[in-house]
Amino acid sequence: MMLTTARIVSRRVATANIAPRAAAAIGSTRCLSIGDVLNKKEKVEEDRYIRAREAQVAAAKAAAAVADTKAAELAAKSEQLIEAKTASMNEVADLLAQSGDVVSEAGLANLADWKHA
């Protein structure tokens, strides 16, 4: 009887004290390992996102640089065309002034456009 009582008590003590601690230790170790794996995966995803975002920013900067270059080229070409048209209009106005004829500004612009076309 004493042995049976001692076994029951020892089982209860072992179950009450040791089993929850062992389960908590096993569970916490597993949670930490899963957490570590998830943190590593999260870090990889963050790095991948950052690299993709940096590539997008670099592509946008390159496109902006190309657009600025084209805009500068167009502005220079536009200035050249305006200067050529003005020179042509002055030439036509001088020729008309020598003959005593008078043409409106719109007519001079049309003659200059016709000469360059």
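The values are calculated or read from the model by the stated rules, or taken from the named source; none is laboratory data. Source: prediction; values computed, not measured. Note: accessible area is taken over every heavy atom of the protein model, side chains too, but ligands, DNA and RNA are not part of it. Shrake-Rupley method; radii C 1.70, N 1.55, O 1.52, S 1.80 Å.
Data for the structure
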quantity: Length released on extending from GLN80 to ASP113, taking residue separation times 0.36 nm less the Cα-Cα span; calculated: 10.5 nm
quantity: Fully extended contour minus Cα-Cα distance, from ASN90 to ARG51, at 0.36 nm per residue; calculated: 8.2 nm
quantity: For GLU46, solvent-accessible area (1.4 Å; no DNA, RNA or ligand), Å²; calculated: 90
